[in-house]
1. Restrict the check to the range 161-168 and report whether at least one residue is modelled with pLDDT of 95 or more, within 12 Å of the chain's Cα centre (by Cα) and either over 20 Å from TYR86 (Cβ atoms) or among the aliphatic types (A, V, I, L, M) (or both).
2. From GLY171, GLY180, GLY193, GLY188, which residue is open to solvent by less than 10 Å² (accessible area, probe 1.4 Å) and at positive phi?
3. Looking at the range 120-141, is at least one residue surrounded by fewer than 21 Cβ atoms within 10 Å (Cβ to Cβ) and either over 18 Å from the mean Cα position of the chain (by Cα) or over 25 Å from VAL215 (Cβ atoms) (or both)?
4. Take the conditions within 21 Å of SER153 (Cβ to Cβ), open to solvent by 30 Å² or more (accessible area, probe 1.4 Å), among the hydrophobic types (A, V, I, L, M, F, W, C) and out of contact with any His (no Cβ under 6 Å at 6 or more places or on another chain) and apply them to ALA226. Does it pass?
5. Is it true that some residue in the range 119-127 is on the phi > 0 side of the Ramachandran plot, in a loop (DSSP other than H, G, I, E, B) and in contact (Cβ under 8 Å) with a residue 12 or more places away in the chain?
6. Sort out which residues of the range 71-108 are open to solvent by less than 30 Å² (accessible area, probe 1.4 Å) and either touching a Lys or Arg at 6+ places or on another chain (Cβ under 6 Å) or of a type in the set (D, E, K, R) (or both), and write them in order of number.
7. Are any of the residues in the range 142-165 on the phi > 0 side of the Ramachandran plot, open to solvent by 20 Å² or more (accessible area, probe 1.4 Å), of a type outside the set (Ser, Thr, Tyr) and in a loop (DSSP other than H, G, I, E, B)?
8. Take ALA152 and decide whether it is without any contact (Cβ under 8 Å) to a residue 12 or more places away in the chain, more than 24 Å from LEU68 (Cβ to Cβ) and among the hydrophobic types (A, V, I, L, M, F, W, C).
Amino acid sequence: MTWLPLALCSVAFGCAEVEGDVGIDENAALATENGLRMANGLRMANGLNGVSTNGLSLTSGLSTNAGLSATSGLMTTSEGREQITYLVRCTLPMNTSITKGSYTFQGQMGMAPQWQNGACDTTCQENVSACMLAHINTAGIHVPLWLVAQNASVGWGQDPEFPNQEGAFFGNVFIPGAHGTDPSTIAGFYCMGAKYNVNPPQGRLGSMQTGTPYVNPFGTANAACATNYRCAASDTPYNNDGFKACNGWNNVVTVWRQNTTTTTTTTTTSGGTGHGYRWR
């Protein structure tokens, strides 16, 4: 069976280039400030299937032309570069970047640093997938988020500015049928946090999303992560912060939101908190 080309843009909203989020031209300055403040807004309708046809390989490092081609596939379109921007942010650590042609993509979260120069194994794929799924906004709107995860580069902890647990994201968007799922679909999953319905921003869980690339595996769209121990809570003393495993997936990202719905500019900055990450 031949898989469709990789597509991370919403069918409903198209694939317009997002200013400030689609790579950084090597001649442009990168603004910085304290704390990790970046925008979500990735639009993703179909998974990262057919990766090899898009100039992206799981068996070679992103820094190499075999791992990420500078002349074919994703790098040739604005929407492709948007996808790579989020992928590199999730994959590589701060102060690390890769350059393809005239574009430089900046690492931030460091959830799978081995993919810079080597292969991306199953754990790498799941970590990057959970991170990318957590950044999807099907309306392409940028809103502040607070992310926590078992992954040591992210860690646990809460921020009082982000008191509402939105939900958890997990899966593998790179390989159809991963982890024993339906081989005709991409494994992109979520479940609802305790306060997903508190002023949900457009394009996020709890809102009237369209073109969603993920499904709730627990029966209904609003099924909760915590009910009936569907997801395993993080270890004490962080057991209220998020989830370390869901439905057999052991690489999960939990997202927290603010009390009020706000949008932000797309300017991104680097810097870590040590416990969780703030994205604007």
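1. Yes, some residue in the range 161-168 is modelled with pLDDT of 95 or more, within 12 Å of the chain's Cα centre (by Cα) and either over 20 Å from TYR86 (Cβ atoms) or among the aliphatic types (A, V, I, L, M) (or both).
2. Numbers: GLY180 fails: open to solvent by less than 10 Å² (accessible area, probe 1.4 Å); GLY193 fails: at positive phi; GLY188 fails: at positive phi.
Within the list GLY171, GLY180, GLY193, GLY188, the selection yields GLY171.
3. Checked against the condition, which is being surrounded by fewer than 21 Cβ atoms within 10 Å (Cβ to Cβ) and either over 18 Å from the mean Cα position of the chain (by Cα) or over 25 Å from VAL215 (Cβ atoms) (or both), the range 120-141 yields no hits at all.
4. Working: within 21 Å of SER153 (Cβ to Cβ): no; open to solvent by 30 Å² or more (accessible area, probe 1.4 Å): yes; among the hydrophobic types (A, V, I, L, M, F, W, C): yes; out of contact with any His (no Cβ under 6 Å at 6 or more places or on another chain): yes.
Considered against the rule, which asks whether it is within 21 Å of SER153 (Cβ to Cβ), open to solvent by 30 Å² or more (accessible area, probe 1.4 Å), among the hydrophobic types (A, V, I, L, M, F, W, C) and out of contact with any His (no Cβ under 6 Å at 6 or more places or on another chain), ALA226 comes out as no.
5. Kept after step one, since they are on the phi > 0 side of the Ramachandran plot, are these residues of the range 119-127: none.
No: zero hits.
6. Residues satisfying the conditions are MET75, ARG81, GLU82, ARG89, LYS100, GLN108.
7. No, every residue in the range 142-165 fails to be on the phi > 0 side of the Ramachandran plot, open to solvent by 20 Å² or more (accessible area, probe 1.4 Å), of a type outside the set (Ser, Thr, Tyr) and in a loop (DSSP other than H, G, I, E, B).
8. The answer is yes for ALA152.
The values are calculated or read from the model by the stated rules, or taken from the named source; none is laboratory data. Small disclaimer: the values here were computed from a predicted structure and weren't measured. Backbone-built Cβ (ideal geometry, glycine too); neighbour counts: all protein chains shown. Surface accessibility is based on the protein's heavy atoms, side chains included, excluding ligands, DNA and RNA. Shrake-Rupley method; radii C 1.70, N 1.55, O 1.52, S 1.80 Å.
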